[in-house]
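J.: Handing you a structure now.
Derivation of every value follows stated rules applied to the coordinates shown; laboratory data play no part. Quantities reported herein were computed from a predicted structural model and do not represent experimental measurements. Note: ideal-geometry Cβ built from the backbone for every residue, glycine included; neighbour counts use all protein chains shown.
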Amino acid sequence: MSKEREESYGEEEFVANLETLAKKRLTMEDAADILDVELKYVKEYTKRYGINFVPSKRKKAKRKKSKAKPSREEIDRIQKLKQIGLTEDQIKRSLEVAVNEKVSPMEAARKLGFIRSGESSRRIADDSYFSYANMEIEKTRTEIEQKFFDFLKVINRETLQLSEFLVEENKLSHELCKLLKNILKRLNASFNIPPEAIPELKETKEIILNAEGHLIIISDKGEVDSKVLEDYPPDVILMVFCSVIPKLGRLVELYRKKISLRVNFFEKTYRELDNLYRAFATSEQKKAEDRLEIDKTKKLLLTSAS
């Protein structure tokens, strides 16, 4: 590589530019034009680093000074000039100078001052950077979409479980209310619930759960509202149970003591009456045994007399 080119490129930068151009499906001749180096250097480094360029389709033919349709080669050169940001007028002037002075269009554009030395390679590197940036953006977009769909799956799964829990909550709350109603009716008990125990019921003066399982609410204005407990929302039912269960436990304990007292009374009474009954039974049995003994004695006496 010439001294001038060595100053413009380092070996690593030159190889990186060659790899970038190879990825763009260009030929070695195109790379030489763009990088403004001799073709032999492109071939040398291509062979050394195993870079794969598109096979050249250029044909060694004499230029015809005719206004025929532009060849594929000329179209490619125009496209390269467009890629580095030249206007139509700049491209036209560059092509004219290239034909007159028998240099490459890239070199003609550089002589005209449209591009500076090494600028074309930097623009290619910029294109490579923006291509990489676009890939990163696409990757990020894909990751965001994947996360979004994962969140949707979570919502779907939680929704199914939520539906099951709502049905189960409604069923259990109704069954609990029915059980509590039967217990209160059996105990003939009612409970006063502090208004602060149920924050959902605002502006409430007094709350009563009667023996029929009705929750009676008396507002600050004296208005009375009465509904069966199971008709209230689950949150209210839960607060009622939290307030009533401790009181119900104490009530059941008192009821148990009451029953225990009756049982003790019945047991003692039973024992005394049983003892009395046994005393009467023993006396009757003794009388029967005495009569039986007298009868035996009479029979013996009669037998002896005869």
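J.: If packing is taken as the mean number of other Cβ atoms within 10 Å per residue, what is the order of 143-150, 42-49, highest first?
T.: 42-49, 143-150
J.: Based on the mean of other beta carbon atoms within 10 Å per residue, what is the order of 226-238, 192-204, most packed first?
T.: 226-238, 192-204
J.: Rounded to the nearest 0.05, what FRET efficiency do ALA197 and PHE265 give with R0 = 41 Å and r taken as the Cβ-Cβ distance? Could you check?
T.: Taking R0 as 41 Å, the efficiency between ALA197 and PHE265 is 0.60.
J.: Tell me the Kirkwood radius of region 209-306: reciprocal of the mean inverse pair distance over distinct alpha-carbon atoms, in Å.
T.: 20.5
J.: With +1 on the Cβ of every Lys and Arg and -1 on the Cβ of every Asp and Glu, and nothing else charged, how large is the dipole of region 135-275 about its Cα centre, in debye rounded to the nearest 20?
T.: With Lys and Arg at +1 and Asp and Glu at -1, about 980 debye.
J.: Kindly flag which residue pairs out of LYS47/LYS102; LYS171/LYS202; LYS80/LYS102 have an alpha-carbon separation exceeding 22 Å in this structure.
T.: Beyond 22 Å: LYS47/LYS102; LYS171/LYS202.
J.: Going by average Cβ density within 10 Å per residue, which order do the peptides 25-33, 89-97 take, highest to lowest?
T.: Ranked by mean Cβ neighbours within 10 Å, highest first: 25-33, 89-97.
J.: Another one. Pairs of Cα atoms under 8 Å, at least six residues apart: use those to get the relative contact order of region 177-242, whole percent.
T.: For region 177-242, the relative contact order is 28 percent.
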